[in-house]
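Undergrad: First the structure, then my questions, so here it is.
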Amino acid sequence: MLILRTTVFFIGWMAATLVLGILGVPVLLLSQRAVWCFNKIWVGFTLGWLRLTCGVRSEVHGVPQGRLIASKHQSAWDTLIMWHTFGNPVFVLKRELYWIPIFGWYLWRSGQIAINRSDGRSAYEQIEKQAPKLLAQGRTIILFPEGTRVKIGDRKHFRSGIARVSAMLQLPVVPAALNAGLFWPKHDLLKRPGTAVLKFLPPLPVCGADPVAWMKDLETVIETESAALAARAE
């Protein structure tokens, strides 16, 4: 049954993405705001289709008290629910995503911070250059400190770039925990029914004189709450 439901999901999702992506090409020539709205329609369809076909419900707990988010990363669902929540978020992402046909066009046009992950200094300079302008537009910046999706139960050391960004922008950081890896696992096509939860936690103050201790606090709160969400869902 899981195989059948997942197959139906992917066939419908890919077909709708192709059709919407092609029909929406004129939107790319309009304003960036029009692209944000179009992207949110696609995200809404994806989450709704995921629930209908695979029984994966989506919930958001808590209200983000800040505009710089550091989130656990387990699944493609994470980016979908962030877009659904904020409408026009800014992701710090690998530039190779822009090269994906159709999907990459809309990602590029929506105005993200695309970095070369193999060059840490260049990546930080990109964030330093673009972030103030994007924040001035009223947008929320989202980083995944692990740098990649991590399976439920695995641990990956958080990268310190989020501490540098917090200090540079003089912004507190809102930790975000989730359990989506239970239902949309990394490197596993099967989607499992249940409730995927994104939970925003109380913000950490601006990173100060001890970034090592600050990073430890950030990693602890995110990992602890993510583990708790997973345990409650099982």
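The values are calculated or read from the model by the stated rules, or taken from the named source; none is laboratory data. Computed from a predicted structure; not experimentally measured. Cβ atoms come from the backbone with ideal geometry, glycine included; neighbour counts cover every protein chain shown.
Undergrad: Which residues, taken from the stretch 62-82, are farther than 23 Å from residue 156 by Cβ and either out of contact with any Phe, Trp or Tyr (no Cβ under 7 Å at 6 or more places or on another chain) or in a helix (DSSP H, G or I) (or both)?
TA: If the condition is that a residue be farther than 23 Å from residue 156 by Cβ and either out of contact with any Phe, Trp or Tyr (no Cβ under 7 Å at 6 or more places or on another chain) or in a helix (DSSP H, G or I) (or both), then 65, 66, 67 are the ones that fit.
Undergrad: Inspect all residues belonging to the stretch 207-214 and state whether any of them is surrounded by 13 or more Cβ atoms within 10 Å (Cβ to Cβ), free of Cβ contacts under 8 Å to residues at least 60 places away in the same chain and either part of a loop (DSSP other than H, G, I, E, B) or in contact with a Lys or Arg (Cβ under 6 Å, 6 or more places away or on another chain) (or both).
TA: At the first step, the residues of the stretch 207-214 found to be surrounded by 13 or more Cβ atoms within 10 Å (Cβ to Cβ) are 207, 211, 214.
Narrowing further to those that are free of Cβ contacts under 8 Å to residues at least 60 places away in the same chain: 207, 211, 214.
Filter again for either part of a loop (DSSP other than H, G, I, E, B) or in contact with a Lys or Arg (Cβ under 6 Å, 6 or more places away or on another chain) (or both), leaving 207.
Yes, the stretch 207-214 has at least one match.
Undergrad: Can you confirm whether residue 228 is out of contact with any Pro (no Cβ under 9 Å at 6 or more places or on another chain) and among the small types (Gly, Ala, Ser)? Break it down into steps so the answer makes sense when it comes.
TA: On the way: out of contact with any Pro (no Cβ under 9 Å at 6 or more places or on another chain): yes; among the small types (Gly, Ala, Ser): yes.
So residue 228 fits the description; yes.
Undergrad: For the stretch 110-150, give me each residue that is in a loop (DSSP other than H, G, I, E, B), over 20 Å from residue 89 (Cβ atoms) and at pLDDT below 90. Write out each step before concluding.
TA: As a first pass, look at the stretch 110-150 and keep what is in a loop (DSSP other than H, G, I, E, B): 110-112, 116-119, 137-140, 144-150.
Right, trim to over 20 Å from residue 89 (Cβ atoms) and you get 116, 118-119, 150.
Once the filter is applied, which keeps residues that are in a loop (DSSP other than H, G, I, E, B), over 20 Å from residue 89 (Cβ atoms) and at pLDDT below 90, the stretch 110-150 yields 116, 118, 119.
Undergrad: Out of the stretch 1-48, which residues are over 16 Å from residue 104 (Cα atoms), in contact (Cβ under 8 Å) with a residue 12 or more places away in the chain and among the hydroxyl-bearing types (Ser, Thr, Tyr)?
TA: Within the stretch 1-48, 6, 46 qualify.
Undergrad: When the residues of the stretch 3-56 are narrowed to those that are among the basic types (Lys, Arg) and closer than 24 Å to residue 140 by Cα, which ends up surrounded by the most Cβ atoms within 10 Å (Cβ to Cβ)? Spell out how you get there, then give the answer.
TA: From the stretch 3-56, those among the basic types (Lys, Arg) are 5, 33, 40, 51; that's our starting set.
Adding the requirement that they be closer than 24 Å to residue 140 by Cα leaves 33, 40.
Numbers: 33: 12, 40: 16.
The selected residue is 40.
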